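Asker: Here you go, one structure.
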Amino acid sequence: MKQYLLLLGADQFLRERSYSGGKSINNYQVWTAIKGAKYRYNAYFDFCINADPLNYEELKNEIEYYKMQGYEPKSIVPLNDWTLKVANKLNKAYGLPYLEEKVVDACRDKNLMKSLLAHAEVPTPKFAAFNNKIQLKKLLKEFKFPVVIKPLEFGGSGGVYLANNENECFSAYMKSQEIMSKYADTFKVSKSIFLIEEFVDSDDEVSVEVLCSENVNKVITITEKYLSPKPWFTEMGHVVPSHRYEDDNIKRLAVQTCEALGINRGLAHVEIKIKGNELFVIEVAARPGGDAIMDLIESSYNINPYQLHIASYINNKDEIPEIFTPHKTAAIAFMKAPKGKITKINFPDVSEDKTIKRIGLLKNIGDIVNEPENWSNREGLIEFVWDKIPIIKEYKHINKANQLANEIFECSEINDE
């Protein structure tokens, strides 16, 4: 039997380096799964299974078919939130290493997640779940404004809104419902349950990338996050490593968080708000961080974190490196064009700027530029690399992205008729 690694979610935008990570492990074939693969075949991979990566039965049928052709999975590895459940269910079915179902549930259901964190005395903002306006109105008596309204199981800042009073709270709930009615069925998540959460009023936020194993959980790095202006929470940039990358308090909290949820395999992505000397865990994901954070780690640390993640799904008992050391600083910034309709796209010469690694445009002429509400409202991205490790919070990647957004995108005003 020939063995392959089935990477679920590997075809997702900004997760391309997962193929390289998988290919470096014992030279296994690296497969992914794509619905309608014959029309959307990704030739970077050794093969594409024609199946919805979120559909257990479709995947199992395809795996069984190729088993008869002489191929069997060495591991089925989830690379995003949506594929966690199905990947681990398949691993269990085939007798392969997997994350326990209760761990997967704890990392997807924010109400369960925060309950477990609170029980373990991990600091997290006050929260409560609700599924209708009557319940929300009753809960408002227990919270002080401002608060945050968010879906139970979604990500990418989708459906997450700040509310400063009761009316804004109901409006935020309606908008969050609209987002979930649009995306919930596609991503197979709840469209009816939401969370109200105490707002931690701080612009300082990090994510901690933790490599988890059976024996020990080890922080790879701390990523500095840059958010859009209130009332939105879209991530507009990241820097690896953060100037706080040696902060032992942040590291200890991230490790404690993973232990509280029982994560003992693969990478975990722990989001932490910093307010003065206080730290608050906002959310946790049992998978590699998105937004090309893994690519930034590779540029900064000279390691491919996808390799570590995938290897842990084969054997989570191997020794973890004692220390991870950054050699450069890597950053990504997402471009926001002026509001309006994109009428022209320019390509300014950036060939002499050695700090720019690449520029990617996400919108076309005729597209409408809206407020930075969630991941879908970005017009482009820029990746940077520079030599010095940061000692303070810097904004040069954000400033450069803003400058180039204004040069690249020409927009006309939209007249309301």
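Asker: Where residues in region 1-53 are aromatic (F, W, Y) and either open to solvent by less than 10 Å² (accessible area, probe 1.4 Å) or touching a residue at least 24 places away in the same chain (Cβ under 8 Å) (or both), which of them is farthest from Y313 (Cα to Cα)?
Answerer: By that ranking, first place goes to Y44.
Asker: Could you list all residues from region 178-207 that are of a type in the set (S, T, N, Q), open to solvent by less than 20 Å² (accessible area, probe 1.4 Å) and modelled with pLDDT under 95?
Answerer: Looking only at region 178-207, we keep the residues that are of a type in the set (S, T, N, Q), and these are 181, 186, 190, 192, 202, 207.
Checking the rest, the ones that are also open to solvent by less than 20 Å² (accessible area, probe 1.4 Å) come to 202, 207.
Matches in region 178-207: S202 only.
Asker: Identify, from the list L96, L79, the residue that is touching a helix residue (DSSP H, G or I) at 6+ places or on another chain (Cβ under 6 Å) and crowded, with 17+ Cβ neighbours inside 10 Å.
Answerer: Within the list L96, L79, the selection yields L79.
Asker: Moving on to the next point. Of all residues in region 300-313, which are open to solvent by 30 Å² or more (accessible area, probe 1.4 Å) and either in contact with a Lys or Arg (Cβ under 7 Å, 6 or more places away or on another chain) or part of a helix (DSSP H, G or I) (or both)?
Answerer: Selection gives Q307, L308, A311.
Listed here are the residues, each with its yes/no results for (1) at pLDDT below 95; (2) open to solvent by 40 Å² or more (accessible area, probe 1.4 Å); (3) within 27 Å of D204 (Cα to Cα).
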{"position": "A337", "(1), (2), (3)": "yes, no, yes"}
{"position": "D349", "(1), (2), (3)": "no, yes, no"}
{"position": "L361", "(1), (2), (3)": "no, yes, no"}
{"position": "F384", "(1), (2), (3)": "no, no, yes"}
{"position": "I398", "(1), (2), (3)": "no, no, yes"}
{"position": "Q403", "(1), (2), (3)": "no, yes, yes"}
{"position": "I408", "(1), (2), (3)": "no, no, no"}
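Asker: How many residues, within region 239-266, are assigned to a strand (DSSP E or B) and in contact with a Leu (Cβ under 6 Å, 6 or more places away or on another chain)?
Answerer: 1
Asker: Please specify each residue of region 157-177 satisfying the condition of being under 17 Å from N377 (Cβ atoms) and surrounded by fewer than 17 Cβ atoms within 10 Å (Cβ to Cβ).
Answerer: Result: K175, single match.
Asker: Next question, about the same structure. For region 76-176, which helices (runs of 4 or more DSSP H) that fit wholly inside it have 1 or more residues that are of a type in the set (K, R), free of Cβ contacts under 8 Å to residues at least 60 places away in the same chain and in contact with a His (Cβ under 9 Å, 6 or more places away or on another chain)?
Answerer: none
Asker: To continue, here is another question. Sort out which residues of region 225-238 are open to solvent by 10 Å² or more (accessible area, probe 1.4 Å) and not in a loop (DSSP other than H, G, I, E, B), and write them in order of number.
Answerer: If the condition is that a residue be open to solvent by 10 Å² or more (accessible area, probe 1.4 Å) and not in a loop (DSSP other than H, G, I, E, B), then Y226, L227, E235, M236 are the ones that fit.
Asker: Residues to consider are I320, I297, I274; find the one that is open to solvent by less than 40 Å² (accessible area, probe 1.4 Å), among the β-branched types (V, I, T) and either at positive phi or part of a strand (DSSP E or B) (or both).
Answerer: I274
Asker: Still on this structure, I have one more. On the basis of being of a type in the set (V, I, T) and in contact (Cβ under 8 Å) with a residue 24 or more places away in the chain, does I332 make the cut?
Answerer: Values: of a type in the set (V, I, T): yes; in contact (Cβ under 8 Å) with a residue 24 or more places away in the chain: yes.
Judged against the criteria, I332 is a match.
Asker: Every residue in region 338-396 that is in contact with a Pro (Cβ under 9 Å, 6 or more places away or on another chain) and over 26 Å from W232 (Cα atoms), please.
Answerer: I389, P390, listed by residue number.
Asker: Assuming I332 fulfils every condition listed in (1) among the β-branched types (V, I, T); (2) surrounded by fewer than 20 Cβ atoms within 10 Å (Cβ to Cβ); (3) in contact with a helix residue (DSSP H, G or I) (Cβ under 9 Å, 6 or more places away or on another chain) apart from one, which condition is it?
Answerer: (2)
Asker: Name every residue in region 208-218 that is open to solvent by 20 Å² or more (accessible area, probe 1.4 Å) and in a strand (DSSP E or B), in order of residue number.
Answerer: Hit for region 208-218 is K218, nothing else.
Asker: Suppose we filter region 277-294 for residues that are more than 19 Å from V255 (Cβ to Cβ) and either part of a helix (DSSP H, G or I) or touching a Lys or Arg at 6+ places or on another chain (Cβ under 8 Å) (or both); how many remain?
Answerer: 2
Asker: Right, another one. If you check N374, N370, which single one turns out to be in contact with a helix residue (DSSP H, G or I) (Cβ under 8 Å, 6 or more places away or on another chain), open to solvent by 70 Å² or more (accessible area, probe 1.4 Å) and at pLDDT below 95?
Answerer: One residue alone meets the criteria, N370.
Asker: So, one more: Has region 138-152 got at least one residue that is under 21 Å from R287 (Cα atoms), surrounded by 21 or more Cβ atoms within 10 Å (Cβ to Cβ) and among the hydrophobic types (A, V, I, L, M, F, W, C)?
Answerer: Looking for residues that are under 21 Å from R287 (Cα atoms), surrounded by 21 or more Cβ atoms within 10 Å (Cβ to Cβ) and among the hydrophobic types (A, V, I, L, M, F, W, C), one finds at least one in region 138-152, hence yes.
Asker: Let me ask something additional. Looking at region 361-399 only, could you name the residues that are touching a residue at least 60 places away in the same chain (Cβ under 8 Å), assigned to a strand (DSSP E or B) and closer than 16 Å to F409 by Cα?
Answerer: L381
The values are calculated or read from the model by the stated rules, or taken from the named source; none is laboratory data. In this text, all values refer to a predicted model and were calculated from it rather than measured experimentally. Here the Cβ is made from the backbone with ideal geometry for all residues, glycine too, and neighbour counts use every protein chain on show. Note: areas computed on protein heavy atoms with side chains; ligands, DNA, RNA excluded. Shrake-Rupley method; radii C 1.70, N 1.55, O 1.52, S 1.80 Å.
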